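The values are calculated or read from the model by the stated rules, or taken from the named source; none is laboratory data. Since this is a predicted model, take the numbers as computed values, not measurements. Cβ atoms come from the backbone with ideal geometry, glycine included; neighbour counts cover every protein chain shown.
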Amino acid sequence: MVAFAANSVLCRLALKETSVDPASFTTVRILSAVAMLWLVMRRRKQSSLGHGSWRSALALFIYAATLSFAYRTIDTGAGALMLFGAVQATMLLAGYIAGERMSNWQSIGFAAAMAGLVILVLPGAHAPSLLDSVLMLASGISWGMYSLFGRKAANPAASTSGNFLRAAPLTIGMSLLALPWMTLDAHGVLYAVLSGSLSSALGYVMWYRVLQQMRAVTASTVQLSAPVIAALGGIVLMGETATPGLLIASVLILGGIALVLRTGRI
């Protein structure tokens, strides 16, 4: 979860404090992950091409691209809460379709978490734009789908490597389309490299591995601990403020997590 929070912090830090554009940040992030995973696979003497899938790569690309564009204006903590709230809704819905059921207390916890998500996007002085809110929610849905696809991966490192490799031409194509608006910044590129090589490449390998031991309900709710870490990072590194709305939403979302986890089975 620290790796997931770091992705939010690094992305917001790059797009708020530097001049790097969202498309370039996404491309550098994904290509850095490809390079790191190539080193991992070479050490293991394995190939990436036979692992992963195009559907996972597409979900990965949409998640990364929409995250970057949404974080142009959304604060770190609010963005992370929206992101992982959408992840939770996606994975719980998938679990319900697969036959997993929530108890009454779990249902109350889920409702509380969704209420907190609604508070974040309600119109107000500190509310993000509708477009950026939609982009962040789309990012969360895509990550939820990517996580669900990853639960069946037999080789987490190889699957992650194959998915990033397939996502590379997609993000390069996006950057070519966005070439007229390209702006590069040394610090912004550095943040993208750190996000891709460490938080994404190595973080996702670990996540894929633990996913195989979790139900969809548990996996979805565990991820909502990341926004707290991300919010703290935003406050410490970028001077973001903890607004009343953010605090209320955090209590509802994290309280909902506690109910789902404490009243359910792993």
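Every residue, every condition in (1) surrounded by 22 or more Cβ atoms within 10 Å (Cβ to Cβ); (2) over 17 Å from TRP143 (Cα atoms), yes or no:
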position: VAL2; (1), (2): no, no
position: ASN7; (1), (2): yes, no
position: ARG12; (1), (2): yes, yes
position: VAL20; (1), (2): yes, yes
position: PHE25; (1), (2): yes, yes
position: LEU31; (1), (2): no, yes
position: MET36; (1), (2): no, yes
position: ARG42; (1), (2): no, yes
position: SER47; (1), (2): no, yes
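Give the residue, chosen from LEU67, LEU81, LEU60, LEU92, that is crowded, with 17+ Cβ neighbours inside 10 Å, in contact with a Pro (Cβ under 6 Å, 6 or more places away or on another chain) and not polar (S, T, N, Q). LEU81 is the lone residue from the list that is crowded, with 17+ Cβ neighbours inside 10 Å, in contact with a Pro (Cβ under 6 Å, 6 or more places away or on another chain) and not polar (S, T, N, Q). With respect to being within 21 Å of ALA5 (Cβ to Cβ), modelled with pLDDT of 90 or more, touching a Ser or Thr at 6+ places or on another chain (Cβ under 9 Å) and of a type in the set (S, T, N, Q), SER142 fits the description.
For (1) of a type outside the set (Phe, Trp, Tyr); (2) within 25 Å of LEU252 (Cβ to Cβ); (3) touching a Cys at 6+ places or on another chain (Cβ under 6 Å), each residue gets a yes or a no:
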{"position": "GLU17", "(1), (2), (3)": "yes, no, no"}
{"position": "PHE25", "(1), (2), (3)": "no, no, no"}
{"position": "LEU31", "(1), (2), (3)": "yes, no, no"}
{"position": "THR66", "(1), (2), (3)": "yes, yes, no"}
{"position": "GLY79", "(1), (2), (3)": "yes, yes, no"}
{"position": "ALA86", "(1), (2), (3)": "yes, yes, no"}
{"position": "THR90", "(1), (2), (3)": "yes, yes, no"}
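The residues of region 144-178 that are small (Gly, Ala, Ser), over 26 Å from ASP21 (Cβ atoms) and in a helix (DSSP H, G or I), listed by number, are GLY144, SER147, GLY150, ALA157, ALA158, SER159, SER161, GLY162. Just to be sure I understand the filter: pairs with C-beta atoms under 9 Å, separated by 6 or more residues or on different chains, first member in region 35-58 and at pLDDT below 90, second member β-branched (Val, Ile, Thr). Which pairs pass? Close Cβ pairs satisfying both conditions: VAL40/THR160; VAL40/VAL205; GLN46/VAL40; SER48/VAL34; SER48/THR160; HIS51/THR160; GLY52/THR160. Note on region 184-200: residues that are buried (at least 17 other Cβ atoms within 10 Å of the Cβ) and not in a helix (DSSP H, G or I) amount to 1. Remark: pairs (first residue in region 1-14, closer than 16 Å to ASP75 by Cα and at pLDDT 90 or above; second residue part of a helix (DSSP H, G or I) and aromatic (Phe, Trp, Tyr); Cβ separation under 7 Å; 6+ apart in sequence or on different chains) = LEU10/TYR191; CYS11/PHE25; LEU13/TYR191; ALA14/PHE25; ALA14/TYR191. The condition of being at negative phi, at pLDDT 80 or above, in contact with a Lys or Arg (Cβ under 7 Å, 6 or more places away or on another chain) and not aromatic (Phe, Trp, Tyr) holds for only one of SER195, SER199, that being SER195. All conditions in (1) under 14 Å from ALA57 (Cβ atoms); (2) crowded, with 20+ Cβ neighbours inside 10 Å hold for GLY173, with the sole exception of (2).
Residue under question is ILE108, and the condition is that it be touching a residue at least 24 places away in the same chain (Cβ under 8 Å), part of a helix (DSSP H, G or I) and under 20 Å from the mean Cα position of the chain (by Cα); does it hold? Before the answer, list the steps.
Values: touching a residue at least 24 places away in the same chain (Cβ under 8 Å): yes; part of a helix (DSSP H, G or I): yes; under 20 Å from the mean Cα position of the chain (by Cα): no.
So ILE108 does not fit the description; no.
Please work out which residue is surrounded by the most Cβ atoms within 10 Å (Cβ to Cβ), limiting yourself to region 217-242 and to residues that are part of a loop (DSSP other than H, G, I, E, B) and modelled with pLDDT of 75 or more. Can you show your working first?
Taking region 217-242 as the starting set, the residues that turn out to be part of a loop (DSSP other than H, G, I, E, B) are 239-242.
After this cut, where a residue has to be modelled with pLDDT of 75 or more as well, the list is 239-240.
Details: GLY239: 7, GLU240: 19.
Among those residues, the one meeting the criterion is GLU240.
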